[in-house]
Amino acid sequence: MNVHDAFASARAADGWPAPDMSILDPERPSPPRFPDADVFGEGWARWIERAAISKGAPPDYVASALLVVASAMIGNARWTGVWPGWKEPCVLWAMNIGLPSSSKSPALDAVISPLQQLEKQIRDDAEAELREFAGNAEIAEIADLEWKKQAKEAVAEKREVPPRPEGPGPTPIVPDLIVQESTIEKLVLLMADNPKGFLNLRDELAGLLGNLTRYAGGGSDGPFWLEAYGGRPYSQHRVGRPPARADRLSISLLGGIQPDKLNSLLMKADDDGMCARFMPIWPEPVRPLRPSQGPDEAFLLTALQRLRGLKLVENEDGSFRPWIVPFTDGAQAAMLALKTDLQAEEASRSGLLLSFAGKVPGLTARIALVLAHLDWVESTLDDYPREVTTNHFGRAAHFTVEYLLPMAARAYADTSLPEAERAARVLAEIIVGERWQSFSARDVTARKRRGLRSTKDVEKAVAVLEDANWVERHREQTATKPRTSFIANPAVWGRT
C-alpha cells in the first residue's frame, strides 16, 4: 500500500459526508412527442403506427428507418438546391438509442424486410443478365479468335481486313442496396459499381461511432465518413492495388446503440462534429399491444421500387450527375427564417447540442427532399417532384426543430454540461470504474480522457467533486517540493 492509499484508509475511519451521486446521473430531458401526421401525412403516419404496434416498438424508430432508407433509395439521383451555391445530397444518418428491450431491431425490420425483398428482385434480374452476358462473352471470344485469324490472313494477302465483331458489352453489375459490415476500401469499390448509392446498416453502431469519434485524434475512417455525409468525391490509392474512385459518395447510415455505450463514447471523445451528423432517436419504451393488423409491406415495397427507379442525369460526356430539385421562393424564405432563429439561440446551447443545431439547416433541407418524394410515391402521380415547396420545408422544419432538437438535448445531455461539470463527471466515472482510493493529477492526465488532459483541467474537475463530497485534497511535503494527491470518498467506490 502506498502512502496515499494508507492515508485514504485512515481517512475512511473518520467518516465522510454523503456524496452527491447525481454527478453520475445528471438530469436528462424527457423525449418529445413523435409528430406523426404533422410531418409524414396521414397515409405514411398510419403505416408507421401499424408497423410500430406490430413490432412492439415506438413509432419513432420506424419513422427514422423510413427516412434513412428512403434517402438511400433516392441517393445520387436527386439532390436539393436551397439557393445558388447551396446544394444538399440525399444522405441521412440516424442512430436509434435504447436498451436491448426497446425493440430497436424489430422496428428496423419493418422497413428493412421490404428493402431486402427489393434487393433480391434486383439482384435476381441482374444475375440473370450476368449469366446471359457470360454466354454471350464466350461466343464473342470465339468470334474474336476467328476474326484475328481472318485479319492475319487478310494482311498477309494484302486484302482489306474484315470489321471486328462487336464484343458482349459492359459486364452487368449486381447491385447492392444494403451493405452491413464492410471496410472503407470495400465501400469505395461498391460506390464505384453503385453510383446511385446504398444503405449502410449497422445493428450496433458502437464500433463505427467509436472510430468516428476518434477522428480528431487520427482515426482512419473519419475523413471518409466526413466526405460521405457531404456527398463529395473520394478516391483511394493503395500500394499494389488499382486506384478506386467514387464521383459522389452517397451512403445513408442506420443503426442502434445502447444509452450507456453512447454516453461512454461521447464522454471519452473529442467533439469533431461527426456524431452531430446523426439524427438521435431516443423515445421511451412502449407497452406491447396485440396488433389487429400488420403494416402493408406491399405498399412500402412499391414505394421503394419507385424511389429506386429514379435515374441519374447523363451528361454529354457519358458521366452521370444528380437532378437538382430546387427550393421555391417561399421555401427559401422559410429556410432563411430558420437559420436566423437558430443563430439567435446559439448562446443557449453548448457541446454536442450546439454542434447538432449547426447541422439543422442542412438536415432540414435533406428531410424536406425526402418528404417530397414520400408524398410522390404515396400518390398516383407519374411525374416526380420538381421542387421543394414551403409545405415540404415546413414539415421538415417541424421535425428538426420541434422533435430532433429536443431529442438531441436528451441524447447529449451529459456533453451539454458546463466544461468543469462535464470533466468532473468523467473523473467520477474513472474513480468508480477503477475503484480509486487515491490519485494524483498525473494519474488522471495519463488516461487522456476528454476534458482531463492537463493539470489545470484536473483541478477544475476536482473542485466540482470536492463540493459534491466525492474527494478531499491531501498535501504532503516531500524532500524537494509539496505534493498534492486526492482521496476518494469510500462511499462512492465502496458501494459499486
Percentage of Cα-Cα pair distances in the stretch 65-185 greater than 21 Å, rounded to whole percent? 65
Kindly rank 130-143, 93-106 from highest to lowest mean number of other beta carbons found within 10 Å of each residue. 93-106, 130-143
Using Cα-Cα distances under 8 Å and only pairs 6 or more residues apart, what relative contact order does the stretch 381-455 have, in percent? 19
Placed amide H near R78: partners under 5 Å, 5+ positions off or other chain: W323
Please quote Rg/Rh for the stretch 122-200 to two decimal places, taking the Kirkwood radius as Rh and restricting both calculations to Cα atoms. 1.24
Helix 390-399 axis, angle to the chain major axis (alpha carbon atoms, nearest 10°): 40
Relative to the chain, whose Cα atoms define the longest principal axis, helix 3-12 and its Cα axis are tilted in degrees, nearest 10, by 70
Take peptides 365-374, 190-199 and line them up by average Cβ neighbours within 10 Å, highest first, as a rough protection proxy. 365-374, 190-199
Could you derive backbone 3J(HN,Hα) for the stretch 457-466 from the dihedral phi with the Karplus parameters 6.51, -1.76 and 1.60 (θ = phi - 60°), listing whole Hz in sequence and x where the residue is Gly or Pro? 4, 4, 4, 5, 5, 5, 4, 5, 5, 5
Residues with amide H under 5 Å from that of G255, placed H, sequence gap 5 or more: A94, N96, R202
Highest mean first, what order results for 277-283, 463-469, 123-129, 62-68 on Cβ atoms within 10 Å? 62-68, 277-283, 463-469, 123-129
Percentage relative contact order, the stretch 246-397, counting C-alpha pairs under 8 Å, at least six apart: 29
Classify the stretch 327-484: rounded, prolate or oblate, from the alpha-carbon gyration tensor (a ≥ b ≥ c, eigenvalue square roots; a/c under 1.5 rounded; otherwise prolate if a/b is larger than b/c)? prolate
Over the Cα atoms of the stretch 337-402, Rg to Rh with Kirkwood Rh, two decimal places? 1.10
Quote the Stokes-Einstein diffusion coefficient, in whole µm² s⁻¹, for the chain, based on the Kirkwood radius over alpha carbon pairs, a temperature of 4 °C and a viscosity of 1.567 mPa s. 50
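Taken together, the values in this text are just the output of simple stated rules run on the coordinates, not laboratory data. Only a predicted model underlies this, so the values are computations on that prediction, with no experimental measurement involved. Positions of Cβ are backbone-derived with ideal geometry, glycine not excepted, and every protein chain shown enters the neighbour counts.
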